[in-house]
1. Go through the range 200-236 and give me each residue that's over 22 Å from Lys134 (Cα atoms), out of contact with any Leu (no Cβ under 7 Å at 6 or more places or on another chain) and either modelled with pLDDT of 75 or more or assigned by the TED database to the domain that holds Gly91 (or both).
2. Identify, by number, the condition in (1) part of a helix (DSSP H, G or I); (2) at pLDDT 80 or above; (3) of a type in the set (A, V, I, L, M, F, W, C) that Leu63 doesn't meet.
3. Since Ile196 meets every condition but one in (1) open to solvent by 50 Å² or more (accessible area, probe 1.4 Å); (2) touching a Pro at 6+ places or on another chain (Cβ under 8 Å), which condition does it not meet?
4. List the residue pairs whose Cβ atoms are under 9 Å apart, where the first residue sits in the range 66-95 and is more than 10 Å from Gly129 (Cα to Cα), the second is outside any helix (DSSP H, G or I), and the two are 6 or more positions apart or on different chains.
Amino acid sequence: MIVLLGVLVVVLGFATKRNPLLVVGVAGIATGLLGGLSPGKVLAAFGEGFAGSRAVTIFAITLPVIGLLERYGLQEQARNLIARFGRLTTGRFLALYLGLRQLGAAVGLTNVFGHAQTVRPLAVPMAEGAAERKYGALPDRTREKVRSFSASADNIGLFFGEDVFLAVGSILLITGFVNTTYGTHLEPLHLALWAIPTAVCAFVVHGWRLLRLDRQLERDLLTADVQPGPAVEAAQ
């Protein structure tokens with residue numbers, strides 16, 4: 001039971017806004033030591049875990065490429081592209097991106113989109129460009145809101161879309177665990193089919209939130225425009 005103190009380390013670390021990598025590392029070391037492992041075995045467990053999942057770090061290869069593309073105007077071209085579609089607002093664009101992200105994840109293309117390769121260099125500039133076309137320069141707070149909604153569209157699209165794909169890791173893990181533990185014969189297709197209504201509901205709910213973003217931007221920016229400036233307030 002004492003090994004669960006590692007979970008407490010994670011909770012305290014995130015609650016105090018520490019570096020996530022440092023928090024998870026310390027929690028892993030604490031859990032191993034409390035579980036009776038020697039420091040050498042804890043280090044070996046970290047090494048085996050990294051070697052077994054080193055494909056996760058493949059995204060690092062894309063970062064130099066994206067940085068080079070951004071240096072030569074990728075984000076500017078994304079803004080210019082969105083400016084050609086006058087009826088495509090920020091909310092509508094993000095709802096479209098949400099649908100594409102879900103469809104891609106549903107057929108196993110989980111790495112086609114993503115924060116590093118799509119959201120930051122393409123989705124965010126296009127969402128901001130749609131808002132700038134209508135309202136002009138955006139304040140920092142509004143810009144951060146657009147970026148957060150862009151990230152949420154990618155997260156929710158991936159999370160609820162990938163379970164529709166038969167060969168995704170979570171589906172295979174669930175079926176393997178249930179069949180082994182309870183002696184049943186659960187097929188991945190059954191779970192994938194039941195994931196479709198959940199994915200549809202997630203698209204409807206979050207798509208509605210993304211479409212409401214246009215009203216929020218209009219209300220926030222128009223309110224900011226009519227507020228009196230510092231000189232006017234001083235005169236009053």
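1. Scanning the range 200-236 gives Val200, Cys201, Ala202, Val204, Val205.
2. Unmet for Leu63, out of (1) part of a helix (DSSP H, G or I); (2) at pLDDT 80 or above; (3) of a type in the set (A, V, I, L, M, F, W, C): (2).
3. If we test Ile196 against (1) open to solvent by 50 Å² or more (accessible area, probe 1.4 Å); (2) touching a Pro at 6+ places or on another chain (Cβ under 8 Å), just (2) comes out false.
4. Matching pairs, first to second residue: Phe93/Phe85.
The values are calculated or read from the model by the stated rules, or taken from the named source; none is laboratory data. All values derive from a computational prediction rather than experimental measurement. Note that we place each Cβ from the backbone using ideal geometry, even for glycine, and neighbour counts take in every protein chain shown. Note: accessible area is taken over every heavy atom of the protein model, side chains too, but ligands, DNA and RNA are not part of it. Shrake-Rupley method; radii C 1.70, N 1.55, O 1.52, S 1.80 Å.
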